[in-house]
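The values are calculated or read from the model by the stated rules, or taken from the named source; none is laboratory data. Values in this document were obtained by computation on a predicted structure and should not be read as measured data. Every residue, glycine among them, receives a Cβ derived from its backbone with ideal geometry; neighbour counts consider all protein chains shown.
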Number of protein chains: 2
Amino acid sequence: MTDIEIASTVKLKPITETAKKLGIDPEVIELYGKYKAKLPLDLIQPARMQGKHLILVSAISPTPAGEGKTTISIGLTEGLNRIGKKTTVVLREPSLGPVFGIKGGATGGGYSQVLPMEDINLHFTGDFNAIEKAHNLLAALIDNNIQSKTSSLGLDPRTVTWKRVMDMNDRSLRHIIVGLGGTSSGIPRETGFDITAASEIMAILCLSESFMDLKERLGNIFIGYTYDKRPLYARDLKAHGAMAALLKDAIKPNLVQTIEGNPAIIHGGPFANIAQGTNSVLATKMGLSLSDFVVTEAGFGFDLGAEKFFDIKCVKAGLNPSAVVLVATIRALKYHGGVKVENLKEENTAALRKGIENLEKHVENMKKFNICPIVALNKFVTDTDAEIQIVADKCKELGVPMEVAEVWAKGGEGAEKLAILAAKVAEQCVCKLKPLYEWSWDIEKKIETIAKEIYGAAAIDYTAQAKSDLKKIIALGLDKLPVCIAKTQKSLSDNPKLLGRPKDFVVTVRQIEIAAGAGFVIPITGEIMRMPGLPEKPAAENIDIDEQGHITGLF
Amino acid sequence: MTDIEIASTVKLKPITETAKKLGIDPEVIELYGKYKAKLPLDLIQPARMQGKHLILVSAISPTPAGEGKTTISIGLTEGLNRIGKKTTVVLREPSLGPVFGIKGGATGGGYSQVLPMEDINLHFTGDFNAIEKAHNLLAALIDNNIQSKTSSLGLDPRTVTWKRVMDMNDRSLRHIIVGLGGTSSGIPRETGFDITAASEIMAILCLSESFMDLKERLGNIFIGYTYDKRPLYARDLKAHGAMAALLKDAIKPNLVQTIEGNPAIIHGGPFANIAQGTNSVLATKMGLSLSDFVVTEAGFGFDLGAEKFFDIKCVKAGLNPSAVVLVATIRALKYHGGVKVENLKEENTAALRKGIENLEKHVENMKKFNICPIVALNKFVTDTDAEIQIVADKCKELGVPMEVAEVWAKGGEGAEKLAILAAKVAEQCVCKLKPLYEWSWDIEKKIETIAKEIYGAAAIDYTAQAKSDLKKIIALGLDKLPVCIAKTQKSLSDNPKLLGRPKDFVVTVRQIEIAAGAGFVIPITGEIMRMPGLPEKPAAENIDIDEQGHITGLF
């Protein structure tokens, strides 16, 4: 059965029931149909977050074989609820790009899903749209001001760094020229579109803690320079009020349910390879206000999502995870050991022993943050006992507790042992998160620390563009912001072809974007693009709808 | 008080109460918060539409002075309910373009508004977003196929007519080049963005009557030619299933309420100057299934919205209005008579007598459709008795019943007399709508008939581009489709500067776009643009939000 077929066999409870389970008066939530709701921000109460447990789920470097990080996050939540721990899973919202591209949905899989999956995977409650509109309103105001006769701020169009965004995999929009067609249709200039998940507004929404915080950050967005070299910000265009108004509902976290009827809060959707990669601070704090355990996920590998989770989100929001789960699969580790996708079903202990060095490096990285680590082996039917033993032995050698989970086929039942381990680790944890770097360090030192310590790089190379960006950042006084590195998720290095545990590589910083509103800078490494493309056979081709409005082919 | 201030004084009833008033079980509606809901399509029942009254509200040629067509539509609905007629107002959804540009919201004004106005004016229930995403998914699939090595359909990029859309006034996106940046980022080609209200998908959504109808129309969208000159359609890219899936909720009409607590159905939002300009067929039929009277609106002047309402929507959907209200204001008629905006407050009977020829022409046009006409004078406080008498005398001379309404300041109370008249006209009406042209006529004859009979043109001129488009349309066998003319709303002619009742003018057809899925062709006349720009002082600058999430400055 496909994910959507499994999902369609589940009898959903009204979301008002899920709210009641969390102790919320159903009158205060805003329904979006029967099975989705927005939660008012005043349910977040610092006093109620005391003594609660935040469990982060991360993973080894992703491969086409799949690791199932979302599936484990959901399955672990079911498992924790089964063993009597009141737990909410807090996740990011899916982007339409991957849904129509290659990856499919982002709502888990098999018997570990959040529902209604077709709604969550398509427009959900409109948050991505609101972010996109707020972003593109600023872009329209910028080009309108450049064109303006009476209200011009003197913005030099060649310096404008603010692009447009669209929630779509559309490579043809990466590099474009706008403003053609004569005097009535703007000033021609080079620009482009990023995917909405990479929007600075997405980052801002995920880091804001109130309407005023949101508005101030929106006003701080850097847009370019005047002809006489003065920096201009969104507030100079009086854009931030209208942008915040567009986000009035998007700022509120969304409540849905898991297959087993447990609460799921889904909010914000930055990608971890090109943005900070974790759900909103408000959603995490909402979860911690409403339940005893929160299971959350940081996108892609530990080197991307988890590093940003710790060094940006936790530092900013004062969060301290009491357990961190690193998800691995035998299949992915064999892929890191050089096995082709089509041969992953066969036992191959030699390749596994080689590929396991990817896991080893991520476990080493975990220890650098002074958190309480766990390895979760996401079991597939093709995994052999000998292979599982190799992973168990390696974890023992590394001194990290490990448990096998089987969540795709068995849901929460398959994660009970993992839940027992995670609850024990979290409840006994006395670790205090130690960020990898101080925000006050120089930009280059921050980049070097992440690249050498986490990625394992030998050196860092800056292009002329990146060096020039660096000077600009220092001149703007933004060099004390944290760094949110854009890097391929496929490798610990910035080269997607280097699997396993690459060594002696150089990380190339191609450019450094400013996200003054979000409060970080974005060093872009290697060939990573902030607007993906569609594959030769887009997943969109298989999606359909019948006379009754039922969707098929989604995932 | 501003509109949003007036709106904020109203104590809204839960939308479940509005549903009950229409005889709908509140369990079957899908709530979007407490005050908005989507209505399931099975509430539309042809048997229940029998003997119901459809009242269309149209207007004279719009001016900066305002005519208040939406305000009259809402006020008339309140008035009809006050005199005991069970009435629903059925309207289009606002576009963000005008909200942030110059016009402000599109939810009525003063004491004749639909609520919650800030929600309806911003993202509402996400329909515009869904349309935009479906549109841009097809665009991404087109450029992906052009780039494709293994799945190429041989599409000649120079022939692609499908652009992208964004719900924003953004003139810099009208004419763009995409696909720059080298081999990995697409094939460079010229294209552009239209505003979402002008999307063929918007037209399709507004004309579809079921999921299957929707999907078939989406598949019929023409996208361009292969290098060997074969036409290609969206179905050739297998795009229509995923596009329809994106529209699974957008196809359902939205229920809200008026200030006086009467039902309002708001669905679909094409502009009448660049698209067909009326709400969805499903919304109209929903209204007729649920109440005895439906008041609906066709955008801009009678020459644009009403002509398309009759010749496209009514013919397609088998609708027959039993009364047609033409809205005029003394201010607008004086503007047509040459008075500057700043002087409109002063009595000026000479200018009024001159400008009233605009009203005269629209009344003449009404009679060509064999419908039962009414003139509604939307009264402003500055109107003098002498001026009102001139309009009354002119209507008497033209043989059309006329009534004064004062809906902005008084709501339904100010429209009671108009309601009594409209109800009487509708109930006594035995007219059978006579379309202006037969769909089977040649494209040129259809254009000529509208331009000469309705606009009052002396002749039609076709550019070389338009002539070439015409040949293409004939070769594709699409020449028996109706015509949806894009023309400035500011004049009966295609020149926005010609006010009043222009004569001896030539209409220039610049190009003819194909909307094979919607089922019409779009002759574009004069300088009209399908992507508006922002003004020197965008309305966005005044919009703000406070700590509690309350919006100000929206209209």
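The residues listed here are A:Ile29, A:Ile60, A:Ile72; of these, the one that is in the same structural domain as A:Ala323 (by the TED database), over 25 Å from the mean Cα position of the chain (by Cα) and β-branched (Val, Ile, Thr) is A:Ile29. All of A:Pro496, A:Pro502 fail the test of being modelled with pLDDT of 95 or more, within 14 Å of another protein chain (Cβ to nearest Cβ) and assigned to a loop (DSSP other than H, G, I, E, B), apart from A:Pro496. Within segment B:233-250, can you find the residues that are surrounded by fewer than 24 Cβ atoms within 10 Å (Cβ to Cβ) and within 29 Å of B:Leu115 (Cα to Cα)? Across segment B:233-250, the qualifying residues are B:Lys248, B:Asp249. If you check A:Leu31, A:Leu22 for being in contact with a strand residue (DSSP E or B) (Cβ under 6 Å, 6 or more places away or on another chain), free of Cβ contacts under 8 Å to residues at least 60 places away in the same chain and of a type in the set (A, V, I, L, M), only one passes: A:Leu31. Scanning segment B:422-457 for residues that are closer than 24 Å to B:Gln511 by Cα and among the β-branched types (Val, Ile, Thr) gives B:Ile443, B:Ile447, B:Thr449, B:Ile450, B:Ile454. For B:Gly299, are the conditions met, namely being touching a Cys at 6+ places or on another chain (Cβ under 9 Å), modelled with pLDDT under 95 and away from chain A (no Cβ under 14 Å)? Judged against the criteria, B:Gly299 is not a match.
Could you please let me know if A:Ile450 is more than 30 Å from B:Leu247 (Cα to Cα) and at pLDDT 95 or above? Yes, satisfied. In segment B:37-44 there is at least one residue matching the filter, namely being closer than 25 Å to B:Ala426 by Cβ, at pLDDT 95 or above and surrounded by fewer than 23 Cβ atoms within 10 Å (Cβ to Cβ). Would you check if there is a residue in segment B:506-515 being among the charged types (D, E, K, R), in contact with a strand residue (DSSP E or B) (Cβ under 8 Å, 6 or more places away or on another chain) and outside any loop (DSSP other than H, G, I, E, B)? For segment B:506-515, residues among the charged types (D, E, K, R), in contact with a strand residue (DSSP E or B) (Cβ under 8 Å, 6 or more places away or on another chain) and outside any loop (DSSP other than H, G, I, E, B): present.
Scanning segment B:49-80 for residues being part of a helix (DSSP H, G or I) and among the polar types (S, T, N, Q) gives a total of 4. As a summary of the residue check, A:Ser152 satisfies the conditions (1) without any contact (Cβ under 8 Å) to a residue 24 or more places away in the chain; (2) within 31 Å of the chain's Cα centre (by Cα) except for the one numbered (2).
Once segment A:164-207 is narrowed to residues that are surrounded by fewer than 24 Cβ atoms within 10 Å (Cβ to Cβ) and more than 10 Å from chain B (Cβ to nearest Cβ), the residue that is farthest from A:Lys313 (Cα to Cα) is A:Thr183. Scan segment B:505-530 residue by residue and report those that are touching a residue at least 60 places away in the same chain (Cβ under 8 Å) and among the charged types (D, E, K, R). Across segment B:505-530, the qualifying residues are B:Glu513, B:Arg530. Pick from A:Gly399, A:Gly411: which is at positive phi and buried (at least 16 other Cβ atoms within 10 Å of the Cβ)? Unique residue meeting the criteria: A:Gly411. Might you check whether a residue that is over 27 Å from B:Lys308 (Cα atoms), outside any strand (DSSP E or B), among the aliphatic types (A, V, I, L, M) and in contact with a helix residue (DSSP H, G or I) (Cβ under 7 Å, 6 or more places away or on another chain) occurs anywhere in segment B:389-403? Yes, segment B:389-403 has at least one match.
Summed over segment A:354-392, the residues that are of a type in the set (S, T, N, Q) and surrounded by fewer than 22 Cβ atoms within 10 Å (Cβ to Cβ) give a count of 4. Taken across segment A:53-70, residues that are within 14 Å of chain B (Cβ to nearest Cβ), buried (at least 21 other Cβ atoms within 10 Å of the Cβ), closer than 25 Å to A:Cys314 by Cβ and not acidic (Asp, Glu) do not occur at all. Being within 22 Å of B:Ala272 (Cα to Cα) and not polar (S, T, N, Q) holds for only one residue in B:Glu541, B:Glu513, B:Glu536, and it is B:Glu513. Scanning segment B:520-547 for residues that are under 30 Å from B:His240 (Cβ atoms) and buried (at least 22 other Cβ atoms within 10 Å of the Cβ) yields B:Phe520, B:Val521, B:Ile522, B:Pro523, B:Ile524, B:Arg530, B:Met531, B:Pro532. If you check A:Asn220 against the conditions, is it more than 7 Å from chain B (Cβ to nearest Cβ) and polar (S, T, N, Q)? So A:Asn220 fits the description; yes.
Residues in segment A:109-163 that are within 11 Å of chain B (Cβ to nearest Cβ) and of a type in the set (Lys, Arg): A:Lys133, A:Lys149.
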